[in-house]
1. Quick one: ranking K319, K343 by accessible area, 1.4 Å probe, largest first, what do you get?
2. Stretched out fully, how many nm does the piece from A191 to S327 gain, at 0.36 nm a residue minus the Cα gap?
3. Let me check the size of segment 238-350 from its C-alpha atoms; what are the radius of gyration and Dmax in Å?
4. Any idea of R284's accessible area? Nearest 10 Å², probe 1.4 Å.
5. Quick check: at a probe of 1.4 Å, how many percent of the accessible area of segment 166-248 sits on carbon and sulfur atoms?
6. Kindly report the accessible area of segment 182-328 per residue (heavy atoms of protein chains, probe 1.4 Å, no ligands, DNA or RNA), in Å².
Amino acid sequence: MARFAALLLAAAAAAVLAAGRLTHASPSTAEVFWRAVLPGSAVPDAVLRLLRPGNNFVSEAEAEGAGAPNGPFDYQNYERSSAPYGYDYKPSSAPYGYDYKAPSEGGEAAPGEHHRHAGGGAAATTTTTTVFFHEEAVRVGERLRFRFPAAAPAALGFLPRHVADAIPFATPALPAALALLGVAPGTAQAAAMAETLRTCELPPLAGEARFCATSLEALVERAMAALGTRRVRAVTSTLPRAGAPAREYTVRAVRPVDGASFVACHDEAYPYTVYRCHGTGPARAYMVEMEGAGGGAVTVATVCHTDTSRWNPEHVSFKLLGTKPGSAPICHLMPYGHIIWAKNVKRSPA
């Protein structure tokens, strides 16, 4: 058994090295898969770049001056011990962690409470950026302050499915994965990998769709399963990969995304691309076109959670906005490279 495991790791290692030497003269197997199962749906730029990691996302010159990650909030898991959508935030080096976890015990202050912020209006901001906002802010003429961090993709990007499937992806197998990927135990990267595995292994709540995907094919297939249809489409923000400093943006156009619930996917800290995905619960989604003060247009995919009645009453969004569970919908944007999966509704001819 040990010999078999060693041979498997050796084969996976060789495949990882081969993946790193892939040329980009022709579409990858994953691109061919996408176009076959999602005909007429373009591969989002951020996803395409994950399939071609040899093309640097952000050069050092582009990233210089982009600044530190944006804000202390991690909003990946809307959970609660007894109900979904608890929305617990934890400090994170990533700008938008998107983790919906059960609130911590002990009555400690929620992360972010000690930061200065404005509340009680349509939007709540820290000293640098809007974190949450109400749906009334998603309309033409409204102004929101955002800071967009530089893209920070996994170094290896999306691995071919057969390669990703050959690499152990479970907490008990972390030492083998570290050895295979050349990550030293005890380092910050090893700790980040352990945290990604831990969150990926959290059991879903009753009726909740939650999964982690280590290849593009798995991501698409699991999103289809979660939405109950093969007719899906990926919705992503169009943002500068090098990031943009904090500035005020004016909403110029708002386009609703068809659907009443979605699957949101967020990239996790790992040497290769891993997406952690979850159902949004009752929600509305929009593509919001905005123009920055002094120039610079962006389009942000936005999710507005329409039923917060079962959220944790101590969730930081209520504190920032001065509201409570079950009141107005709470919205947030999707950062660069994060994905909203929606049912691809076929419209009837007019």
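1. On the way: K319 80, K343 100 Å².
So the residues, ranked largest to smallest area, are K343, K319.
2. Working: separation 136, 0.36 × 136 = 48.96 nm, distance 3.81 nm.
Answer, rounded to one decimal: 45.2 nm.
3. For segment 238-350, the Cα-based Rg and Dmax read 15.9, 48 Å.
4. Here the residue's solvent-accessible area equals roughly 100 Å².
5. On the way: 2170 of 3700 Å².
The computed percentage sits at 59.
6. Numbers: 5690 Å² over 147 residues.
Per-residue accessible area for segment 182-328 comes out at 39 Å².
The values are calculated or read from the model by the stated rules, or taken from the named source; none is laboratory data. Since the model is a prediction, treat every value here as computed from it, not as a measurement. For accessibility, only protein heavy atoms count, side chains too; no ligands or nucleic acids. Shrake-Rupley method; radii C 1.70, N 1.55, O 1.52, S 1.80 Å.
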